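Report on the following structure.
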Amino acid sequence: MGKSSRKDLGGIITGGGGFALSVRKIFFAVASIVLLFLFLVTIGSRSCSEKPISVRLNQRVENPSLPLPAQEEGVFYFGFDRRLEPREDVKMYLPFLRYLERATGYRFALHITPKNGSIVEELGQGKVHFAAIGTLSYLEAHDRYGVRVLVKGLTEEKKGTYRGMIITRPDSPLHSLQDLKGKTFAFGARNSTQGHLIPRILLFEAGIRLSDLAAFEYTGSHFETANAVISGRCDAGGIQDTLARELAKKGLVRILATSPCFPSSTISVSPQVDPQVIEKVTQALLAFDPLGKDKEGLYHWDLSEMPAGFTTATDEDYAEARHWALQLGLLESGPFSPEGKLRK
C-alpha cells in the first residue's frame, strides 16, 4: 500500500428511505467479523456518479446518477461532512431537516457533495446555505470565506466537546503509539477532525511523523477506516470516539489511544444567508431535543456527532484546533481573521 489517497466510500447515494441495509445493524448486531468485512467491501466497491444531488424532503431519489436540479428560490440547501456510509448519512439527516422545516417555516433540501467536490467551497460560494461540518472543515471555510459557526454538537453526556481515538485489532501486537513506527495507518477524510486532525496530533505528540509510518491512506470516512483496521489492511486508524467505543464493546477493535477533548462538530452558515434567517435557524437548532420531544421520527441520530442536540459556539472555541491545524500544515491562513474580518 503506497502513500496515496484511497477513494472514499460509496460515492453519491441518496434517498429519503427504503434502504434495506443499516450501518448500525451491520456494526452492532452481527457477531461475525467476517460477515462485517464482506458487507463493507461490497458497499465500498460499488460504482457511483460524480454529480452532486439534492434531495427534497418529500422526494425519494431512485436513481443516484440524476443531475442536481436547479436551485429553487426559497429553499435552503443543507450539506454535511461524510461520516458513515452515504446512504446512512442521508437517512439520518432527512428527518432532522423535517424538524427544521417545522420549527422555522422555511423549506430545506439535503445536498450531497460529490466525492471529488468540496463542502467548504460550496458553503463559501452559497451553493449550500447551512452544513453540519467538523472543526477542520469549519476552520478552512471560516478563514477562506468568512463562514460562521452557529452551534456545536452536544454529546450524550451533553458536553460540547468530543475526542478522537486510534484503534487497532484486538489481537494486534501494538500497545502504544510508539509501536506504530514502521506500521500502516488509516486516516478518514482529509478534512475530518476526528479522522485526521486529532490522530495527527496524537501521533505528533507521541513522536511519530508520517515519514515514520510504513504507509498511510485516507479512506474518506470513519466507516471505511474501521473497515481498513478490522480487515487487516491497516495496522491502526483514527476514528470518532462514539464509533470506536461501540466497536470495542463488540470486540471488533481495541482502543490504542484517546485524545483530550476538542470542540465538537458545527452547524455552520454561508456568509450569503440573511441575518434574520440565521437567527431563526439558530433558535431552532438550540431548541432541538433529540433525546426528548423531538426524538420521534429521527433515524440513528445517536450515531451523529450531536446526539444530544446543540449548544452555542463561537470561533474562539476553536482556537486550539486552529493552532494545531496550522502547525501540522493542514490549514493555511486565509483572507479572514479569527474575528471574521478581512485581513488587510
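Every number in this text was worked out from the coordinates using simple rules, so none of it is lab data. Given the structure is predicted, the values throughout are model-derived calculations rather than measurements. Please note: Cβ atoms are built from the backbone with ideal geometry, for glycine as well, and neighbour counts cover all protein chains shown.
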Query - Burial ranking of peptide ranges 278-284, 241-247 (average Cβ count within 10 Å, highest at the top) - result: 241-247, 278-284
Query raised in the report: Taking amide hydrogens as modeled 1.01 Å from N in the peptide plane, which residues meet the under 5 Å criterion relative to VAL253, leaving out close sequence neighbours?
Result: ALA248
Report task. Kindly rank 291-301, 228-238, 185-195, 305-315 from highest to lowest mean number of other beta carbons found within 10 Å of each residue. Result -> 185-195, 228-238, 305-315, 291-301
Query raised in the report: Order of SER211, SER304 from fewest to most other C-beta atoms within 10 Å?
Result: SER211, SER304
